[in-house]
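Beneath this line is the structure, given in structure tokens, with notes to follow.
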Amino acid sequence: MKTKLKKGDNVIVMTGKCKGEQGKVTFIDRKKGRVLVDGINMITKHQKPNAMGQGGLIEKEAPLHISNVMYSHEGKPVRLGVDIQDGQKVRVAIVNGERKAIK
């Protein structure tokens, strides 16, 4: 699945139990169309003990669908676009029809 999001982008969750929360993208699975956001959509996993460590209940992030998150520009959700500046592709945030370059 094609997306304009990148690892390290700040995003806002738009739907679901974590609606309105913000976090940083840590992993993108383009084949399944899912993203992992740091500290968002936490689940409890029952882990068996193994050679690497103890077992027990472990809190970890579960993936979200890409369509449920939006890029956060100055604390507000915005769409992303692409412009060509000086012969290079540059990602831009589309705010009220105005295109603002992302740094």
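The values are calculated or read from the model by the stated rules, or taken from the named source; none is laboratory data. Please read all numbers here as calculations on a predicted model, not as lab measurements. Glycine also receives a Cβ, built like all others from the backbone with ideal geometry; neighbour counts cover every protein chain displayed. Surface accessibility is based on the protein's heavy atoms, side chains included, excluding ligands, DNA and RNA. Shrake-Rupley method; radii C 1.70, N 1.55, O 1.52, S 1.80 Å.
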Take the residues of the stretch 28-53 that are over 21 Å from Met1 (Cβ atoms) and not in a loop (DSSP other than H, G, I, E, B): which is nearest to the chain's Cα centre (by Cα)? Met42
Starting from residues that are under 25 Å from Gly81 (Cα atoms) and among the hydroxyl-bearing types (Ser, Thr, Tyr), keep the ones in the stretch 1-51 and report whichever is modelled with the lowest pLDDT. Thr3
Check on Lys103, outside any strand (DSSP E or B), basic (Lys, Arg) and either open to solvent by 40 Å² or more (accessible area, probe 1.4 Å) or farther than 21 Å from Thr26 by Cβ (or both): yes
Inside the stretch 1-27, can you point out the residues that are more than 16 Å from Ser72 (Cβ to Cβ) and outside any loop (DSSP other than H, G, I, E, B)? Phe27
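Considering Gly8, Gly16, which residue is loosely packed, with under 13 Cβ neighbours inside 10 Å and among the small types (Gly, Ala, Ser)? Working first, answer last.
On the way: Gly16 fails: loosely packed, with under 13 Cβ neighbours inside 10 Å.
Testing whether each residue is loosely packed, with under 13 Cβ neighbours inside 10 Å and among the small types (Gly, Ala, Ser) leaves just Gly8.
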Could you check Val90 against (1) in contact (Cβ under 8 Å) with a residue 24 or more places away in the chain; (2) surrounded by 13 or more Cβ atoms within 10 Å (Cβ to Cβ) and say which number it fails? (1)
Consider Leu80 against the criteria (1) at pLDDT 95 or above; (2) open to solvent by less than 30 Å² (accessible area, probe 1.4 Å); (3) aliphatic (A, V, I, L, M): it satisfies all of them except one. Which criterion is unmet? (1)
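Scanning the stretch 31-61 for residues that are touching a residue at least 24 places away in the same chain (Cβ under 8 Å) and surrounded by 12 or more Cβ atoms within 10 Å (Cβ to Cβ), which turns out farthest from Arg99 (Cα to Cα)?
The first filter runs over the stretch 31-61 and keeps only residues touching a residue at least 24 places away in the same chain (Cβ under 8 Å), leaving 31-37, 40-41, 61.
Those still in the list that are surrounded by 12 or more Cβ atoms within 10 Å (Cβ to Cβ) too: 33-37, 40-41, 61.
On the way: Gly33: 26, Arg34: 26, Val35: 25, Leu36: 27, Val37: 25, Ile40: 28, Asn41: 31, Glu61: 33 Å.
Among them, the one singled out is Glu61.
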Checking Ser67 against (1) closer than 18 Å to Thr26 by Cα; (2) open to solvent by 70 Å² or more (accessible area, probe 1.4 Å); (3) modelled with pLDDT under 95, which test does it fail? (3)
